Amino acid sequence: MASLDTTAPPHVTTEKPPKSVQQQYKGSWGPALDAALRMFLFATAMVAVIIMAASKQTKLISLFPGFAIPLEAKFTQSPAFIYAIAALSVACLYSIITGVLSVFALMKPGGSWTKLQFHFVILDALLLGIVAAATGAAGGVAYIGLKGNSHTNWNKVCDQFSSFCSHLAGSIVLSLVSSITLLLLVWLSIYVLSKKLTRG
């Protein structure tokens, strides 16, 4: 009579192995869009800094026939423009650092990218306030240079320094685009974090 095999079968594990962060975000547009926006932020902020730094024009102003004096217009003559240069320079450096951290965290297993999003949303919002304030300050000064102010007897200067004002206008528009990009980054981080919370 054959003996019965009483050996217990090996334990079969039915649990699925934990997904790596690459598998979790496979097909997700969130990380790719975050990296793209940070690259775009770097590009717009850098170009805005270069254009404003190059906004220098010297012109001969005639006081009376036969006598003229050279007058120079440059961004260092206004604290608002200096603040804009500083804020945009910080935005350039910040976009490089956060972009690199975002890519490395995405490649690292353990969901580090989601953890970084929590810090990014705070820092993005802080930088958004700085860049937006700098854009508004520079835009206000540039508007006075374009239109003047009759109530305070501030004369317009853009009719004399057209090249200088054109550089300023281009830089301020790009600074506004940088502000909008930071706003989109804040919205993206909030959206990603909210989806993570709803999934548990």
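The values are calculated or read from the model by the stated rules, or taken from the named source; none is laboratory data. All of these numbers come straight from a predicted model, not from anything done at the bench. Every residue, glycine as well, gets a Cβ built from its backbone with ideal geometry; the counts of neighbours run over all protein chains shown. These area figures cover heavy atoms from the full protein model, side chains too; ligands, DNA and RNA do not enter into them. Shrake-Rupley method; radii C 1.70, N 1.55, O 1.52, S 1.80 Å.
General remarks:
- Gain in span if fully extended, Thr58 to Asn149, counting 0.36 nm per residue against the direct Cα distance: 30.5 nm
- Nearest-10 value in Å² for the accessible area of Met46, using the 1.4 Å probe: 70
- Using a Förster distance of 41 Å, the FRET efficiency for Leu126-Gln160 (Cβ separation, nearest 0.05): 0.60
- Here the contact order of region 74-192, divided by its residue count and restricted to Cα pairs under 8 Å and six or more residues apart, works out to 31 percent.
- Relative contact order (%) - region 46-136, alpha-carbon pairs under 8 angstrom, separation at least six: 25
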